[in-house]
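The values are calculated or read from the model by the stated rules, or taken from the named source; none is laboratory data. The structure presented is a predicted model; accordingly, all values stated were derived computationally and were not measured. Methodologically, a virtual Cβ is constructed for each residue, glycine included, from the backbone with ideal geometry; neighbour enumeration extends over all protein chains shown.
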C-alpha cells in the first residue's frame, strides 16, 4: 500500500540551479495545472478530507490558471501548485520540482515538536539548542503563526501531521542565511540565537535524525530484544530486520521501534516472520475499479447504490508454519511520524491483537498515488486508494491509535529519557 511513500522532504529536494532554469514559460505552467486537474478528476479518491468537492473542480481550475499566469518565478509557481494540492489535504498527493530555486537545497538545523500547544526543539544538528528548549519565535513569528501562515501549502486532514510539515516548508520562506530563533531554556531564561541553514546532504542533519540502517541489540540477554527500523525505503531495511528476528528468535519479547519511519515499500516478509495467527489487510476504496483491479486482479468488488466508488474487502490470511515464524511477544513503538508502508506493517498486528502498540498515534495516510511525470524535473501524484480498517472504521487522517499512549514532555527531552521504551519494558 505504501510503496510510493508520503510526499515528504525527499520528494522536494533541490539540486544546483542555473539562471535559465528559474522560470517556466506561461504555456508550460498552464499545461501543468491542466494535467493536475485531469489527474485529480481521473484518480483522486480522498474527497472526504479535501477542502473542495469534485463538482467544484472547474472553478478550482479557473482560479489556478489565473494564479499560474501571474507567477513570476519558478518558485512562485511551485507555491501555486503546493496551494492547489493543499486543497486536497492528502499526504500522498503532491507536486515536486527538483529544480525549485531559492532555498530548496537547505533545511533548518533543528527539528520541532508540538507538545500541548507548545513548540519545542526535538534535536539541533548545530548543537546550539538543547532538546526540550521552548521555541518562542523564528524570525519574529511564533511557530504557531508560521504553521497557520503555511497551512495553505501544508494542509492535511491530520493536524499533528500538518504541523510536522511546517519545518520542511520554512526554509523556502525564510530568505536569510542565518535564522534568528528566540527560545526559553529549562531555567526559564530567554535568549535569541542565530542558527545556520544546513544542506540536505549535510552529515550532521542525517546523523541527528534517523540511523542509516536497521539496528538490533539485546536489552536483556536471551530474553528481550530491540530492533530499530528507520525506513522501508530500500529492501535492505526489511532484509536486515528479518535477519535480526531470526537471530532473536528465542527471545521472550521483541520490541520493534519504528518511530520516525515514514514508509517506503510494505514489508510483507517481515510481517510473515512475526505473525503467529490469521491476519487481514485494509479495506480499500477507489473512485474507479481499474485501480483496484490492478492490485487485486479478478477479486470481487463491491459498489454502493450510486456507484460513487468501488470497494475491495480482504480475506483472512493464514500465518507461516510455527517453525518459520517468531512466536514470542511483540511490541511496536510508534510516534506521529510513522506513516504509509509502516502503517501497513503495524495495522494487521493491531487488528488481530498480535502485538501491543505503544507511543503516539501514527500519521494516518496510505499510499498508491497515481503519478504523472511532466518532464525530467517535474512530476505530480494523487492518491488513488483510500483505506479503512478491516472492521470498516476510518483510518485516513486519523492513524493507528496506540494500545498504550505515551506523551512526551519537555523534561524527558532535556534528560534524554526515552519514556516510550521505558513503558514498553515496564509492560513486558
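Filtered by the rule that a residue be at pLDDT 70 or above, surrounded by 15 or more Cβ atoms within 10 Å (Cβ to Cβ) and assigned to a loop (DSSP other than H, G, I, E, B), the range 186-214 gives a lone residue, 214.
With the condition kept exactly as written, say whether any residue in the range 175-194 is free of Cβ contacts under 8 Å to residues at least 60 places away in the same chain and under 28 Å from residue 398 (Cβ atoms). I'd like the intermediate steps shown before the answer.
Step one: of the range 175-194, the residues free of Cβ contacts under 8 Å to residues at least 60 places away in the same chain are 176-178, 180, 182, 184-185, 187-192, 194.
Filter again for under 28 Å from residue 398 (Cβ atoms), leaving none.
Looking for residues that are free of Cβ contacts under 8 Å to residues at least 60 places away in the same chain and under 28 Å from residue 398 (Cβ atoms), one finds none in the range 175-194, hence no.
In the range 332-344, the residues that are under 16 Å from residue 366 (Cα atoms) reach residues that are in a helix (DSSP H, G or I) and modelled with pLDDT under 95 with C-beta atoms within less than 7 angstrom, at least six apart or across chains, in these pairs: 336/160; 336/161; 336/164; 337/164. Anything in the range 121-144 that is out of contact with any helix residue (DSSP H, G or I) (no Cβ under 9 Å at 6 or more places or on another chain), farther than 20 Å from residue 417 by Cα and touching a residue at least 40 places away in the same chain (Cβ under 8 Å)? List them, or say none. Within the range 121-144, just 140 meets the criteria. Whether a residue is part of a helix (DSSP H, G or I), within 21 Å of the chain's Cα centre (by Cα) and either over 29 Å from residue 182 (Cα atoms) or at pLDDT below 95 (or both) was assessed, and residue 77 does not pass this test. Residues in the range 23-74 that are in contact with a strand residue (DSSP E or B) (Cβ under 8 Å, 6 or more places away or on another chain), part of a helix (DSSP H, G or I) and buried (at least 18 other Cβ atoms within 10 Å of the Cβ): 32, 36, 39, 40, 43, 74.
Can you pull out the residues in the range 378-394 that are touching a helix residue (DSSP H, G or I) at 6+ places or on another chain (Cβ under 8 Å) and either in a loop (DSSP other than H, G, I, E, B) or on the phi > 0 side of the Ramachandran plot (or both)? Listed by number, the residues that qualify are 384, 385, 389, 390, 391. Restricted to the range 324-357, and to residues there that are crowded, with 23+ Cβ neighbours inside 10 Å and part of a strand (DSSP E or B), the residue that is nearest to the chain's Cα centre (by Cα) is 334. Of the strands (runs of 3 or more DSSP E) lying entirely inside the range 215-281, those containing at least 1 residues that are crowded, with 20+ Cβ neighbours inside 10 Å and either without any contact (Cβ under 8 Å) to a residue 24 or more places away in the chain or over 24 Å from the mean Cα position of the chain (by Cα) (or both) span 224-228, 253-257.
Considering only the range 352-367, state which residues are within 23 Å of residue 161 (Cα to Cα) and touching a strand residue (DSSP E or B) at 6+ places or on another chain (Cβ under 7 Å).
356, 357, 358, 359, 360, 362, 366
Yes or no: residue 304 surrounded by 15 or more Cβ atoms within 10 Å (Cβ to Cβ), in a loop (DSSP other than H, G, I, E, B) and free of Cβ contacts under 8 Å to residues at least 60 places away in the same chain? Taking the combined requirement at face value, the residue does not satisfy it. Among the residues of the range 282-301, those identified as in a loop (DSSP other than H, G, I, E, B), surrounded by fewer than 19 Cβ atoms within 10 Å (Cβ to Cβ) and either out of contact with any helix residue (DSSP H, G or I) (no Cβ under 9 Å at 6 or more places or on another chain) or in contact (Cβ under 8 Å) with a residue 24 or more places away in the chain (or both) are 288, 297, 298, 300. Could you tell me whether the range 412-426 includes any residue that is over 25 Å from residue 132 (Cβ atoms), at pLDDT 95 or above and part of a loop (DSSP other than H, G, I, E, B)? Within the range 412-426, none of the residues are over 25 Å from residue 132 (Cβ atoms), at pLDDT 95 or above and part of a loop (DSSP other than H, G, I, E, B).
Looking at the range 101-184, what strands (runs of 3 or more DSSP E) fall wholly within it and have at least 1 residues that are in contact with a strand residue (DSSP E or B) (Cβ under 6 Å, 6 or more places away or on another chain) and closer than 22 Å to residue 362 by Cα?
Per the criteria, 110-115, 118-124.
Out of 375, 321, one residue alone is without any contact (Cβ under 8 Å) to a residue 24 or more places away in the chain, under 22 Å from residue 252 (Cβ atoms) and either out of contact with any helix residue (DSSP H, G or I) (no Cβ under 8 Å at 6 or more places or on another chain) or surrounded by fewer than 18 Cβ atoms within 10 Å (Cβ to Cβ) (or both). It is 321.
Does residue 349 count as modelled with pLDDT of 95 or more and closer than 30 Å to residue 249 by Cα?
On the way: modelled with pLDDT of 95 or more: yes; closer than 30 Å to residue 249 by Cα: yes.
Taking the combined requirement at face value, the residue satisfies it.
Once the range 87-100 is narrowed to residues that are out of contact with any strand residue (DSSP E or B) (no Cβ under 6 Å at 6 or more places or on another chain) and over 18 Å from residue 171 (Cβ atoms), the residue that is modelled with the lowest pLDDT is 91.
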